[in-house]
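**Q** Below you will find the structure I want to go over with you.
Just so you know, all these numbers are worked out from the coordinates, no wet-lab data involved. Because the structure is a prediction, the values reported are computed rather than measured. Backbone-built Cβ (ideal geometry, glycine too); neighbour counts: all protein chains shown.
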Number of protein chains: 2
Amino acid sequence: MRDFSTSHEHLSLNTATVRKQWKLDQIIDECAKRGIRAISPWRDQVAAVGLEKIAKQLKAHDMRLSGYCRGGFFPAPDKAGLEAALLDNRKAIDEAKTLNAPCLVLVVGGLPGALEGKAAYKDIERARSEVRDGIAASLEYAKSVNMPLAIEPLHPMTAADRACINTLEHALDLCDELDPGRSGALGVACDLYHVWWNYKLKEQIARAGSKRLLAFHVCDWLTPTRDLLNDRGMMGDGIIEIQKVRGWVEAEGFEGFSEVEIFSENWWSKPGGEVLDTVIARHKSVV
Amino acid sequence: MRDFSTSHEHLSLNTATVRKQWKLDQIIDECAKRGIRAISPWRDQVAAVGLEKIAKQLKAHDMRLSGYCRGGFFPAPDKAGLEAALLDNRKAIDEAKTLNAPCLVLVVGGLPGALEGKAAYKDIERARSEVRDGIAASLEYAKSVNMPLAIEPLHPMTAADRACINTLEHALDLCDELDPGRSGALGVACDLYHVWWNYKLKEQIARAGSKRLLAFHVCDWLTPTRDLLNDRGMMGDGIIEIQKVRGWVEAEGFEGFSEVEIFSENWWSKPGGEVLDTVIARHKSVV
């Protein structure tokens, strides 16, 4: 298992962590200044500055990506909506390519409309079937441009409105079905916030194996958790056994970045520099 | 599948649903007045009125229980705590017996101390092992007095502080281990709020079978859900496919009550009579 205690060379910052403090170009500069070698940016953050500009800035800093956030949201109430989702995912794949991302992270979507408060339908099996078809179609294009897709199982508390794939086991069932040869084109993003609770976690990490473990995200689960979306904890402030699970992931041969992704009103309210310095310190002491 | 549309003879009320409006003796009277034939009371509600008094009142109304809430919370930071939990569960079993409950529902507990904001330890495998040992020990006593124990998997968002068993699959693994003969002494409580999201739900309901499906609870999942504990929805206000899953449960031979359990600041703020009338109406139209 890699020793993170003396260096943060394996740290990547998911840029949502400081999205309310800075625009993406400043986030990149602030990361570079602190020796953070990789980021995982969000599409809206990239768009706000400009894709080409961000691509150039990354190159200038020799900064890598640990993933690109995000594709997905496949389910829709009608055919037009399903096709629009496929087009949008194709666009996300192209952007990921431009930014030289190692993978496009998929938050697959839940019941269409639920995120806006009113589900167009309640049949979650239908949503799962639309997700399956959406990934299958996107995978075809992704393979043609050599951009791996990483299915990110989200916490079950998001099943209705954000992602109806909620366990590594379910994500890997889909990988088995859509990429039985384990070509490397389809895998999973293992975000501890979403999967830490599962009693089959160790078993499913082993099942994924290094070829399908495309990303590893860390933060912490607070007790109490006061919000279903924006109350993630800084590593060490909650109860996730981060090092133990990182050990399981690395035992499979994972050598990628450890990506810190903290959605938190608490941390968004602090100066960005303080957040980044804390992320680096905790990455050394806790991750 | 039973037809619930014309009668609420199979409805049971989990008394937490109106716990802020009335004490338990009044809840029982109000239920009886409306033809609700069963309840599932909580220990603190029983204690506030008196166990013997409640037992007599139930008998006078010919009112049955669909379960007794609750035993569990087995993990503890030390031996004294583990033993205290076992004693308390023994007491809960005796109370369930006095009230003629068909089962004692187990909310197994999570990391000890987490509910109070500070976990005594983070090792969730240890908590699960303490849960296993606690159920095994309690089961011995429960069998001797013929009181079935129903493990209730809670939603994964409660894994840290309330229940580290979060899927029917995990609960049934424990049933397989501790009661391999399927004696009827150990089973599960299937609460749709906690398990609706799981892609293996149908499969695990079939695995449970009628001998291990000891209780069936309904309410709804709201979008958005604003609180991890107290924002459950009235049936029909959310996205759970209640009838579909009830069909799966009854296909296994389940003939028990359908227990409505709504923890909700919204419904606690309304007059109790309005809540009960709505529960009855929705049970007919939605469940």
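**Q** Out of every Cα pair in the range B:241-281, what percent are spaced more than 15 Å from each other? Could you put the intermediate results ahead of the total?
**A** Values: 444 of 820 pairs.
Counting every Cα pair in the range B:241-281, those more than 15 Å apart make up 54 percent.
**Q** Follow-up. Identify, among A:HIS10, A:ALA48, A:LEU82, the residue whose Cα sits farthest towards the positive end of the charge dipole of the range A:10-85, taking +1 on the Cβ of Lys and Arg and -1 on the Cβ of Asp and Glu, with the dipole about the Cα centre.
**A** So the residue furthest toward the plus end is A:HIS10.
**Q** Using the Kirkwood radius over Cα pairs, work out the Stokes-Einstein diffusion coefficient for the range A:209-269 at 37 °C and 0.692 mPa s, in µm²/s as a whole number. Can you show the working numbers first?
**A** On the way: Rh = 12.6 Å.
Answer, rounded: 261 µm²/s.
**Q** Would you mind working out the magnitude of the charge dipole of the range B:198-287 relative to its Cα centre, with +1 at each Lys and Arg C-beta and -1 at each Asp and Glu C-beta, to the nearest 20 Debye? Each step should come with its number before you reach the end.
**A** Working: 12 positive and 14 negative charges, 74 e Å.
For the range B:198-287, the charge dipole is close to 360 debye.
**Q** Say a label goes 7 Å from Cα toward Cβ at B:SER5 in every copy; what distances in nm does this one have to the rest, shortest first?
**A** B:SER5 label point versus its equivalents elsewhere: 6.8 nm.
**Q** I've got another one for you. Listing B:HIS10, B:HIS283, B:HIS61 from the residue with the fewest other Cβ atoms within 10 Å to the one with the most, what is the order? Don't jump to the answer; show the numbers that get you there.
**A** Numbers: B:HIS10 19, B:HIS283 24, B:HIS61 16.
The most exposed by this proxy come first: B:HIS61, B:HIS10, B:HIS283.
**Q** Another one. Within the range A:253-276, which residues have the backbone N less than 18 Å from the label spot 7 Å out from A:ARG34 along Cα→beta-carbon, could you tell me?
**A** A:257-276
**Q** Roughly speaking, what is the centre-to-centre gap between the range A:8-38 and the range B:1-52 when only Cα atoms are used, to the nearest Å?
**A** Here the answer is 55 Å between Cα centres.
**Q** Considering only the other residues whose Cβ falls under 10 Å of the Cβ of A:TRP22, what net charge follows from Lys and Arg at +1 and Asp and Glu at -1? Before the final figure, lay out each step's value.
**A** On the way: positive: A:ARG19, A:LYS20, A:LYS23; negative: A:ASP25, A:ASP29, A:GLU30.
Its environment carries a net charge of 0.
**Q** I'd like the FRET efficiency for B:LEU51 and A:LEU229, computed as 1/(1 + (r/R0)^6) with the beta carbon distance as r and R0 of 56 Å, rounded to 0.05.
**A** Numbers: r = 42 Å, r/R0 = 0.76.
Efficiency for this residue pair is about 0.85.
**Q** Let me ask something additional. With point charges of +1 on the Cβ of Lys and Arg and -1 on the Cβ of Asp and Glu, referenced to the Cα centre of the range B:200-273, which listed residue (B:VAL245, B:ILE262, B:MET234) lies farthest in the positive direction of the dipole?
**A** The one lying farthest along the dipole's positive direction is B:VAL245.
**Q** Where in the range A:221-266 are there trypsin sites (Lys or Arg not before Pro) that are in a DSSP coil and have at most 13 other Cβ atoms within 10 angstrom of their Cβ? Walk me through the numbers before you get to the answer.
**A** Working: sites: A:ARG226, A:ARG232, A:LYS244, A:ARG246; in loops: A:ARG226, A:ARG232.
Here the trypsin sites (Lys or Arg not before Pro) that fit, given the DSSP loop and packing criteria, are A:ARG226.
**Q** A further question follows. Calculate the mean, over all residues of peptide A:214-221, of how many other protein chain Cβ atoms lie within 10 angstrom of the residue's Cβ. Write down the numbers at each step before the final one.
**A** On the way: counts 0, 0, 0, 0, 0, 0, 0, 6.
Per residue, the number of nearby Cβ atoms from other chains is 1 on average.
**Q** Further question: By average Cβ neighbour count within 10 Å, what is the ranking of A:177-186, A:69-78 from highest down?
**A** Working: A:177-186: 15.8, A:69-78: 23.1.
Highest mean packing first, the order is A:69-78, A:177-186.
**Q** How shielded is B:234-240 by partner chains, expressed as the average number of their Cβ atoms within 10 Å of its Cβ atoms?
**A** So the per-residue partner count for this stretch is 3.
**Q** Going by C-beta contacts inside 10 Å, put B:SER269, B:SER258 in order with the fewest on the left.
**A** Details: B:SER269 10, B:SER258 25.
Exposure proxy ranking, most exposed first: B:SER269, B:SER258.
**Q** If you don't mind, there's one more thing I want to ask. Given C-alpha coordinates of the range A:4-152, what is the ratio Rg to Rh with the Kirkwood estimate of Rh? Let's see the in-between values first.
**A** On the way: Rg = 16.7 Å, Rh = 16.3 Å.
Rg divided by Rh gives 1.03.
**Q** For the modelled label position 7 Å from the Cα of B:LYS244 along Cα-to-Cβ, which residues of the range B:200-224 have backbone nitrogen atoms closer than 11 Å?
**A** B:202
**Q** Output the relative contact order of chain B, whole-number percent, from Cα pairs under 8 angstrom with separation of 6+ residues.
**A** Values: 584 pairs, mean separation 57.8, N = 287.
It rounds to 20 percent for chain B.
**Q** Any idea what % of Cα-Cα pairs in the range B:1-48 are farther than 13 Å?
**A** Working: 635 of 1128 pairs.
Everything past 13 Å amounts to 56 percent.
**Q** What average count of beta carbons from other chains do you get within 10 Å of the Cβ of residues in B:166-179?
**A** Numbers: counts 4, 6, 0, 3, 3, 0, 0, 2, 0, 0, 0, 0, 0, 0.
Mean partner-chain Cβ count within 10 Å for B:166-179: 1.
**Q** If R0 is 35 Å, what FRET efficiency do you get for A:HIS61 and B:ALA120 from their C-beta distance, rounded to 0.05?
**A** Values: r = 44 Å, r/R0 = 1.26.
Calculated value: 0.20.
**Q** For the range A:124-279, what is the convex hull volume of the alpha-carbon atoms per residue, in Å³? Mind dumping the intermediate values first?
**A** Values: hull volume 19.7 nm³, N = 156.
Value for the range A:124-279: 126 Å³ per residue.
**Q** Taking neighbour Cβ counts within 10 Å as the exposure measure, how do B:MET1, A:MET63 sort from fewest upward? Intermediate values should be presented prior to the final figure.
**A** Details: B:MET1 10, A:MET63 18.
Ascending number of Cβ neighbours within 10 Å: B:MET1, A:MET63.
**Q** Any idea what diffusion coefficient the protein assembly as shown gets from Stokes-Einstein, in µm²/s, Kirkwood Rh on alpha carbon pairs, 20 °C, 1.002 mPa s? Mind showing how you got there, number by number?
**A** Numbers: Rh = 24.9 Å.
D = 86 µm²/s.
**Q** Next question. Between B:ALA137, B:LEU111, B:GLY272, whose Cα lies farthest towards the positive end of the dipole of chain B when Lys and Arg beta carbons carry +1 and Asp and Glu beta carbons carry -1, centred on the Cα centre?
**A** B:GLY272
**Q** State the Kirkwood hydrodynamic radius of chain A in Å, one decimal place, computed from all pairs of distinct Cα atoms. Mind dumping the intermediate values first?
**A** Details: mean 1/r = 0.0528 Å⁻¹.
Computed over chain A, the radius equals 18.9 Å.
**Q** Calculate the FRET efficiency for B:LYS200 and A:TYR141 from the Cβ-Cβ distance with a Förster distance of 25 Å, rounded to the nearest 0.05. Can you show the working numbers first?
**A** On the way: r = 30 Å, r/R0 = 1.21.
With a Förster radius of 25 Å, E is 0.25.
**Q** Report, in debye and to the nearest 20, how large the dipole of the protein assembly as shown comes out about its Cα centre when Lys and Arg carry +1 and Asp and Glu carry -1 on their Cβ. Don't skip to the answer; put the middle values down first.
**A** Numbers: 74 positive and 82 negative charges, 39 e Å.
Around 180 debye, computed over the protein assembly as shown.
**Q** Copy-to-copy spacing for A:GLU203, label 7 Å out on the Cα-to-C-beta vector, in nm, shortest first?
**A** 1.1
**Q** Let me ask you something else. Please work out the Cα convex hull volume for the range B:72-207 and give it in Å³ per residue.
**A** 106 Å³
**Q** Antiparallel versus total DSSP beta bridges in chain B: what percent is that, nearest 5? Could you put the intermediate results ahead of the total?
**A** Values: 2 of 29 bridges.
Roughly 5 percent of the beta bridges in chain B run antiparallel, per DSSP.
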